[in-house]
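Down below is the structure, laid out as structure tokens.
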Amino acid sequence: MEPALGTWEAIDTLRTVRAFADRPLEGWALERILNAGRRAGSSKNLQRWAFIVCRDRDHLRELSTTGPWAGHLAGAAVAVALVSPDPRAEGAPLSIAFDLGRAAQNMVLAAWELGIGSAPATIYEHQRAGDLLGIPPEMHFEYLLSFGYPAEPAVLSAPNRAGGRRPLAELVHEERW
Ligand SMILES: Cc1cc2nc3c(=O)[nH]c(=O)nc-3n(C[C@H](O)[C@H](O)[C@H](O)COP(=O)(O)O)c2cc1C
């Protein structure tokens with residue numbers, strides 16, 4: 001039975017989860033997460049993205065060593081590498097990165113609705129991580145997302161930390177900066 005979580009509730013309660021239970025994701029749940037990425041809107045609907053799904057524990061452990069804050073990958077049920085053409089290549093539109101961010105957030109929220117936590121991992125050792133994932137040289141990747149049921153389920157309903165986000169008054173401008 002899927003837990004029901006409204007859109008706002010999901011957005012407002014979402015937090016990063018870095019410790020995962022030793023429990024695999026159901027096939028349909030993983031498919032839901034991947035579909036959430038696929039359904040994201042992209043500039044000109046070009047959908048310049050690909051997702052690499054990693055579930056093998058040894059593979060995840062190796063990937064977890066390719067960034068200083070990527071350790072959570074080792075315990076994830078699934079990691080998804082976000083792959084695109086290089087947004088820094090000459091003439092490449094910056095919208096590639098914007099599009100990929102939208103796809104990633106769709107995945108993260110769809111997972112959260114199902115009680116599945118996630119965390120981004122920034123890759124620092126691009127060559128080694130790219131080799132581990134067999135990414136073709138013309139493609140680019142910067143982030144993996146860890147997914148899994150939280151080791152501590154209370155995280156799903158814990159109240160937001162005070163001061164965890166800047167107040168609207170600091171961010172919002174009316175009409176002009
Ligand atoms: C572009 C980006 C890269 C991130 N890279 C990492 C990372 O390498 N490792 C990690 O544990 N968290 C990473 N994070 C997660 C942030 O630390 C997290 O979004 C932030 O601390 C807010 O956490 P909260 O949503 O739990 O409040 C990354 C987030 C973003 C948006």
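Brief remarks on what is shown
- In the set (1) more than 16 Å from residue 150 (Cα to Cα); (2) away from the ligand (no atom under 16 Å from the Cβ); (3) modelled with pLDDT of 95 or more, residue 4 fails one condition alone, (3).
- Residue 170 more than 13 Å from the ligand (Cβ to nearest atom) and farther than 24 Å from residue 67 by Cα: yes
- Restricted to region 58-79, and to residues there that are of a type in the set (A, V, I, L, M, F, W, C) and in a loop (DSSP other than H, G, I, E, B), the residue that is nearest to the ligand (Cβ to nearest atom) is 69.
- All of (1) more than 24 Å from residue 126 (Cα to Cα); (2) surrounded by 15 or more Cβ atoms within 10 Å (Cβ to Cβ); (3) under 16 Å from the mean Cα position of the chain (by Cα) hold for residue 5 with one exception: (3).
- Extreme residue, surrounded by the fewest Cβ atoms within 10 Å (Cβ to Cβ), among residues of region 102-151 that are among the aromatic types (Phe, Trp, Tyr) and within 14 Å of the ligand (Cβ to nearest atom): 124
For (1) among the hydroxyl-bearing types (Ser, Thr, Tyr); (2) more than 26 Å from residue 129 (Cα to Cα); (3) surrounded by 15 or more Cβ atoms within 10 Å (Cβ to Cβ); (4) touching a residue at least 60 places away in the same chain (Cβ under 8 Å), each residue gets a yes or a no:
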{"site": "13", "(1), (2), (3), (4)": "yes, yes, yes, yes"}
{"site": "27", "(1), (2), (3), (4)": "no, no, no, no"}
{"site": "36", "(1), (2), (3), (4)": "no, no, yes, yes"}
{"site": "39", "(1), (2), (3), (4)": "no, yes, no, yes"}
{"site": "51", "(1), (2), (3), (4)": "no, no, yes, no"}
{"site": "57", "(1), (2), (3), (4)": "no, no, no, no"}
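- Members of region 59-84 that are surrounded by fewer than 15 Cβ atoms within 10 Å (Cβ to Cβ) and either at pLDDT below 95 or under 22 Å from residue 136 (Cα atoms) (or both): 59, 61
- The residues in region 9-46 that are away from the ligand (no atom under 16 Å from the Cβ) and not basic (Lys, Arg) can be counted, and the count is 19.
- Residue tally, condition in a strand (DSSP E or B) and over 16 Å from the mean Cα position of the chain (by Cα), over region 47-57: 0
- For beta carbons closer than 6 Å, sequence separation of 6+ or different chains, a first residue in region 126-153 that is touching a residue at least 24 places away in the same chain (Cβ under 8 Å) and hydroxyl-bearing (Ser, Thr, Tyr) and a second that is within 14 Å of the ligand (Cβ to nearest atom) and not in a strand (DSSP E or B), the qualifying pairs are 146/72; 146/73; 146/76.
- Taken over region 21-46, the residue count meeting the criterion of being more than 14 Å from the chain's Cα centre (by Cα), under 14 Å from residue 148 (Cα atoms) and either not in a helix (DSSP H, G or I) or not acidic (Asp, Glu) (or both) is 9.
The values are calculated or read from the model by the stated rules, or taken from the named source; none is laboratory data. Treat the numbers as computed from the prediction; the structure is a model and nothing was measured. So basically every Cβ, Gly included, is an ideal-geometry build from the backbone, and we count neighbours across all protein chains shown.
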